[in-house]
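Peer 1: Input: one structure, supplied below.
The values are calculated or read from the model by the stated rules, or taken from the named source; none is laboratory data. Note that the coordinates shown come from a computational prediction; the quantities given were computed from them, not determined experimentally. So basically every Cβ, Gly included, is an ideal-geometry build from the backbone, and we count neighbours across all protein chains shown. Only protein heavy atoms, including side chains, enter the accessible area calculation; ligands, DNA and RNA are left aside. Shrake-Rupley method; radii C 1.70, N 1.55, O 1.52, S 1.80 Å.
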Amino acid sequence: MSDSTSFFNQGTAKGAADSIPEIGIGMLGYAFMGRAHINALKKIAYTYWPPPLMPRLVAVAGRSEEAVSEAAHRYGFERSTTDWRDLLDDPSIGIFDNTGPNNQHLEPTIAAARAGKHLICEKPLGRTADEAYEVWSEVEKTGVKAMTAFNYRFFPAVRLIKSLFEDGTLGEVRHFRARYHQEWLVDPKSPTSWRLDKSIAGSGALGDLGSHIIDLARYLVGEPQTVSANLHTFTKERPGGHVDVDDAFDAMLTFDSGALGVLEATRVAPGRKNHMRFEISTTTGTVIFDQERMNEIELHLAGSEPAANAQGFRTVLVSEAYHPYWEHWWPHGHMIGWEDSFVHELGHLLEAIATDSPVGPHGATMEDGYRVAEIVDAIVRAAETGTRQEISFRQLSA
Ligand SMILES: NC(=O)c1ccc[n+]([C@@H]2O[C@H](COP(=O)([O-])OP(=O)(O)OC[C@H]3O[C@@H](n4cnc5c(N)ncnc54)[C@H](O)[C@@H]3O)[C@@H](O)[C@H]2O)c1
């Protein structure tokens, strides 16, 4: 590109800012994901320009008065509350952003939809498929825009891979292999937390890390049909109590399309930080994505090599203005990070609200959140019974 100013999305017209409607954000939770969402909401105005809607940080809800008011001050919310229900009565709030732990997804999300708030809810949508189904079916009745926060869909490289399927570059899928490895529970002395408590989290590595790769399998390959699996808890007692969720799982899937899938996730892989990687082999080529190298894909297209003795994978740097989401960013090669997937995710939700367009297929809907939870439940059943399980999805009742 010759004109470097065209790398920067400078907006369409002088005075555009005056005509951008605001939308108020009410957030439940303000820790890891709360911070990631706030960071993204603050970036929207200087990445997307003009943004579809201008987010306004109205109120944040937590449990402790002192901690939540400090969070409001730190992040720039106008006020804080210790009761998330307060957010629902506030007419200046248009989006309820649920970044609470998994046991806080069901009731607040449904109540917010009933109060007419648009929604984004962190994954997994429910602790069980029953719970996620209830969220989906109750939210659907209200007609609000609603998204399950599967942010990996919003990595430019992942969206580029999706487009390589859409334009036929990548053919019929034969294999989907995905792993999501972390190390933070390697030390048996590291204490319990809500993530290790089934009554709060629903499951362990499976619902936490596995749900992301299950979502990507559905997004990129299609619906799985059957599954066999192992779930394992290596350390059952930790400081703070008994652990009743899995540390790790692996699963073998068949897909409706005939493709085969292998998934695994763990919290006890020494050296692995946030190692989410998938490899998809198709009839025309193989593509690889590695979250820790998030601005690249590795691609091999059968028969495309210039010389027979120089075949292999090539690395594509995903940072051109014509690559997904890069119109909002920097000159090519000036890279973006994990946190920016949330900018794209929340930007997508704002666009859906502003233009009354659907959240799917690129954003994860509530139905997507439910379907992932149904697959999570099937993996648990398969592991507990030692049998291959059929995966079937419920429809909304009439
Ligand atoms: N998309 C991703 O990549 C990703 C990454 C991490 C976590 N998550 C999901 O985000 C959600 C939150 O995880 P986190 O890592 O931010 O957890 P966290 O423990 O860092 O934060 C949870 C927040 O919820 C608040 N909270 C807890 N119980 C509450 C209650 N009863 N009422 C009001 N507020 C309450 C806490 O004060 C805290 O601010 C989980 O569902 C998790 O699975 C998603």
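Peer 1: Efficiency by 1/(1 + (r/R0)^6): what FRET value for residue 189 and residue 166, r their Cβ-Cβ distance, R0 = 51 Å, to the nearest 0.05?
Peer 2: E between residue 189 and residue 166, to the nearest 0.05, is 0.60.
Peer 1: Given the -39500 (n - 2.57) contribution per DSSP H run of 4+ residues, what per-residue ellipticity at 222 nm results for the chain, rounded to the nearest 500 deg cm²/dmol? Let's see the in-between values first.
Peer 2: Details: 10 runs with 113 residues, N = 398.
The per-residue figure over the chain is -8500 deg cm²/dmol.
Peer 1: Within 10 Å of each candidate Cβ there may be at most 15 other Cβ atoms; applying that plus a DSSP loop requirement, which chymotrypsin sites (Phe, Trp or Tyr not before Pro) in the stretch 144-233 survive?
Peer 2: Filter output for the stretch 144-233: 184.
Peer 1: Could you pull out the chymotrypsin sites (Phe, Trp or Tyr not before Pro) across the stretch 224-319 that fall in loop regions by DSSP (anything but H, G, I, E, B) with no more than 14 other Cβ atoms inside 10 Å? It would help to have the intermediate numbers written out before the result.
Peer 2: Details: sites: 234, 249, 255, 278, 289, 313; in loops: 234, 313.
When the chymotrypsin sites (Phe, Trp or Tyr not before Pro) of the stretch 224-319 are filtered for loop state and at most 14 Cβ neighbours within 10 Å, 234, 313 remain.
Peer 1: Among bridges DSSP assigns within the chain, what percent are antiparallel (round to 5)? If you can, show how the numbers build up before the last one.
Peer 2: Values: 41 of 70 bridges.
Antiparallel bridges make up about 60 percent of those DSSP assigns within the chain.
Peer 1: Looking only at 17, 157, 308, which one moves most when the chain is put into a Gaussian network model with springs between Cα atoms under 10 Å?
Peer 2: Among 17, 157, 308, the largest GNM mean-square fluctuation belongs to 308.
Peer 1: Based on alpha-carbon centroids, what's the gap between the stretch 162-185 and the stretch 16-63 in Å, whole number please?
Peer 2: Here the answer is 31 Å between Cα centres.
Peer 1: Calculate what fraction, in whole %, of the accessible area of the chain sits on carbon and sulfur atoms when a 1.4 Å probe is rolled over the protein chains.
Peer 2: Carbon and sulfur together cover 50 percent of it.
Peer 1: Of 139, 108, 169, which is farthest along the charge dipole of the stretch 106-179 in the positive direction, counting Lys and Arg as +1 and Asp and Glu as -1 at C-beta?
Peer 2: 169
Peer 1: Next question. Cross-link candidates for residue 141: which lysines have Cα within less than 28 Å, leaving aside residues fewer than 8 places away along the same chain?
Peer 2: Candidates past the 8-residue exclusion: 117, 123.
Peer 1: Right, another one. Could you work out how much longer the chain between residue 225 and residue 42 gets when fully extended? Use 0.36 nm per residue separation minus the Cα distance between them, nm to one decimal. Please list the in-between numbers first.
Peer 2: Numbers: separation 183, 0.36 × 183 = 65.88 nm, distance 4.06 nm.
Separation in residues times 0.36 nm, less the Cα-Cα distance, equals 61.8 nm.
Peer 1: What is the packing order of peptides 76-85, 98-107, 222-231, taking the mean over residues of other C-beta atoms within 10 Å and listing the highest first? Don't jump to the answer; show the numbers that get you there.
Peer 2: Working: 76-85: 16.6, 98-107: 21.5, 222-231: 18.6.
The packing order, highest mean first, is 98-107, 222-231, 76-85.
Peer 1: OK, next. Under DSSP H, which helices of the chain have Cα atoms covering 18 Å or more of the helix axis and a Kyte-Doolittle average no less than -0.5?
Peer 2: Helices meeting the span and hydropathy rule in the chain are 32-47, 340-355, 366-385.
Peer 1: In Å², what does the accessible area per residue of the stretch 8-152 work out to with a 1.4 Å probe?
Peer 2: 43
Peer 1: Spin-label point model (7 Å from Cα, Cβ direction): what's the residue 89 to residue 307 distance in nm?
Peer 2: 7.5
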